[in-house]
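> So that we are looking at the same thing, I have put the structure below in structure tokens.
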Amino acid sequence: MHEASFYEPLAGGKVRCKLCPRGCVVGDKQRGYCRVRENRGGRYYSLVYGRPCALHTDPIEKKPLFHVYPGSKAFSIATVGCNMACKFCQNWDISQASPDDIRPPYQTPEAIAQQAFAAGTRTIAYTYTEPTIFFEYMADCAKAGKARGIESVVVSNGFISAQAQQALFPLVKAIKIDFKAFTPSFYRDICDGFLESVQASLKRLAKSGVWYEIVVLLIPTLNDSSDEIKRMAAWIVKDLSPDVPLHFSRYHPMYKMKNIPPTPPDTLRRARQIALAEGCHFVYIGNVPGEEAQNTVCPHCQAMLIRRYEYRILENNIVKGACKACGKTIPGVWE
């Protein structure tokens with residue numbers, strides 16, 4: 001076991017978790033909502049430190065992070081657990097599991113960094129479940145990776161406390177946020193989370209200097225109305241930045257929502273046009289192989305910057321962080 005960060009002791013042997021906005025008050029021998037942090041005698045422990053249940057080498061485009069080291073590989077890791085309960089989760093078998101269900105072998109942060117180095121990856125990616133809930137392990141892996149010249153990227157739901165988020169920023173190169181929807185009811189009823197907490201998290205991220213991208217999984221009838229997309233895009237431009245890459249991704253039936261059909265590609269194209277009209281500079285379509293909107297185009301001169309097919313880079317015309325054609329700076333982490 002590893003003592004958790006971000007908690008405070010309370011009367012009667014209880015503790016209050018301060019890792020995410022849920023703020024669980026946890027009695028002795030009880031666990032928080034995420035199932036991976038336990039109170040033992042008034043001290044709070046992580047039950048998943050050093051217990052990665054998934055280890056894979058992926059293209060960084062699969063995260064997706066389109067403006068971070070294009071064509072590079074990421075060593076992806078996860079533990080069980082999550083601080084939300086999305087009914088459409090594609091990795092529900094590990095995100096909704098507990099440490100009692102899956103007990104993988106112990107691996108030190110140094111072992112993770114060594115494997116990432118041996119695999120020739122540019123980054124370690126904390127992904128698949130919710131990295132916030134294995135914060136201590138993520139932080140130590142990031143430090144071990146950095147010692148070997150390997151950066152860290154995070155794939156997150158953005159449901160993290162301000163205190164924990166500020167501690168995370170210096171450790172990572174980029175963060176991808178899954179922005180579930182733009183209505184409180186969707187977050188409450190479909191994800192068991194809070195929209196306003198994620199919006200606050202995104203605002204802090206926008207001010208941090210850490211590169212970030214946003215993905216919205218469009219689910220038919222639930223979060224795909226033109227009005228909702230328009231309001232979301234307008235908020236992103238006004239409160240975050242027109243330069244944050246925005247990915248609209250296709251939904252496939254999964255977990256507790258197998259009754260909802262896949263997103264029609266035309267819905268994604270409509271969403272993209274709305275976001276562009278609202279002032280977003282980089283808007284992508286995901287989970288549609290061969291879609292032209294997987295490419296990066298210069299917002300200044302419309303030249304092709306990066307041509308992609310699925311997770312492969314076919315063409316890259318960004319030179320020293322700028323458009324090869326017009327010389328204007330393209331926001332991202334390129335070198």
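> Would you pick out the residues in the stretch 1-23 that are assigned to a loop (DSSP other than H, G, I, E, B) and either under 26 Å from Ala142 (Cβ atoms) or in the same structural domain as Ser201 (by TED's automatic domain parsing) (or both)?
Those that are assigned to a loop (DSSP other than H, G, I, E, B) and either under 26 Å from Ala142 (Cβ atoms) or in the same structural domain as Ser201 (by TED's automatic domain parsing) (or both): Met1, Ala4, Ser5, Phe6, Lys18, Leu19, Cys20, Pro21, Arg22, Gly23.
> May I pose another question? Spot the failing condition for Ala85; the list is (1) aliphatic (A, V, I, L, M); (2) within 30 Å of Ile330 (Cα to Cα); (3) part of a loop (DSSP other than H, G, I, E, B), and only one is missed.
Going through the list (1) aliphatic (A, V, I, L, M); (2) within 30 Å of Ile330 (Cα to Cα); (3) part of a loop (DSSP other than H, G, I, E, B), Ala85 breaks only (2).
Quick grid of which residues meet (1) touching a Cys at 6+ places or on another chain (Cβ under 7 Å); (2) at pLDDT below 95; (3) within 14 Å of Lys176 (Cβ to Cβ); (4) not aliphatic (A, V, I, L, M):
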residue	(1), (2), (3), (4)
Glu110	no, no, no, yes
Ala116	no, no, no, no
Thr132	yes, no, yes, yes
Phe135	no, no, no, yes
Ala139	no, no, no, no
Ala144	no, no, no, no
Val154	no, no, yes, no
Gln163	no, no, no, yes
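> Considering each residue of the stretch 198-214, count those that are crowded, with 16+ Cβ neighbours inside 10 Å, out of contact with any His (no Cβ under 9 Å at 6 or more places or on another chain) and not in a helix (DSSP H, G or I), and give that number.
The qualifying residues number 2.
> What's the total number of residues in the stretch 72-106 that are under 20 Å from Tyr255 (Cβ atoms), surrounded by 17 or more Cβ atoms within 10 Å (Cβ to Cβ) and of a type in the set (Val, Ile, Thr)?
3
> Okay, next question. In the stretch 24-56, what residues are over 20 Å from Ser156 (Cβ atoms) and assigned to a strand (DSSP E or B)?
Correct list: Val25, Val26, Arg31, Glu38, Asn39, Arg40, Arg43, Tyr44, Tyr45.
> Just to verify a result, which residue in the stretch 23-53, among those that are charged (D, E, K, R) and surrounded by fewer than 19 Cβ atoms within 10 Å (Cβ to Cβ), is farthest from Ala119 (Cα to Cα)?
Asp28
> Are any residues in the stretch 54-97 within 19 Å of Phe117 (Cα to Cα), over 14 Å from the mean Cα position of the chain (by Cα) and touching a residue at least 24 places away in the same chain (Cβ under 8 Å), and if so, which ones?
Selection gives Ala54, Leu55, Thr57, Asp58, Pro59, Tyr69, Pro70, Gly71, Ser72, Lys73, Phe75.
> Which one of these does Leu314 not meet: (1) of a type in the set (A, V, I, L, M, F, W, C); (2) under 21 Å from Lys73 (Cα atoms); (3) surrounded by 14 or more Cβ atoms within 10 Å (Cβ to Cβ)?
The number of the failed condition is (3).
> Considering the stretch 160-185 alone, what residues qualify as being aromatic (Phe, Trp, Tyr) and either surrounded by fewer than 20 Cβ atoms within 10 Å (Cβ to Cβ) or closer than 12 Å to Leu205 by Cα (or both)?
Matches in the stretch 160-185: Phe169 only.
> While we're on this one: Quick test for you: out of Ser156, Ser152, pick the one residue that is under 18 Å from Val80 (Cβ atoms), free of Cβ contacts under 8 Å to residues at least 60 places away in the same chain and within 14 Å of the chain's Cα centre (by Cα).
On the way: Ser152 fails: under 18 Å from Val80 (Cβ atoms).
Ser156 is the lone residue from the list that is under 18 Å from Val80 (Cβ atoms), free of Cβ contacts under 8 Å to residues at least 60 places away in the same chain and within 14 Å of the chain's Cα centre (by Cα).
> Would it be correct to say that Tyr69 is buried (at least 20 other Cβ atoms within 10 Å of the Cβ) and modelled with pLDDT of 95 or more?
Criteria met by Tyr69.
> I'm trying to understand the selection: among the residues of the stretch 266-302, which are in a helix (DSSP H, G or I), farther than 16 Å from Pro220 by Cβ and in contact with an Asp or Glu (Cβ under 9 Å, 6 or more places away or on another chain)?
Listed by number, the list holds a single entry, Gln294.
> Could you please tell me which pairs satisfy a Cβ distance under 6 Å, a separation of 6+ or placement on different chains, a first residue in the stretch 218-232 that is at positive phi and in contact (Cβ under 8 Å) with a residue 24 or more places away in the chain, and a second residue that is assigned to a helix (DSSP H, G or I) and charged (D, E, K, R)?
Short answer, once both residue conditions are applied: none.
The values are calculated or read from the model by the stated rules, or taken from the named source; none is laboratory data. The shown structure was predicted, so the numbers you read here are calculated from the model rather than taken from an experiment. Cβ coordinates were reconstructed from backbone atoms using ideal geometry, including for glycine residues, and neighbour counts include every protein chain displayed.
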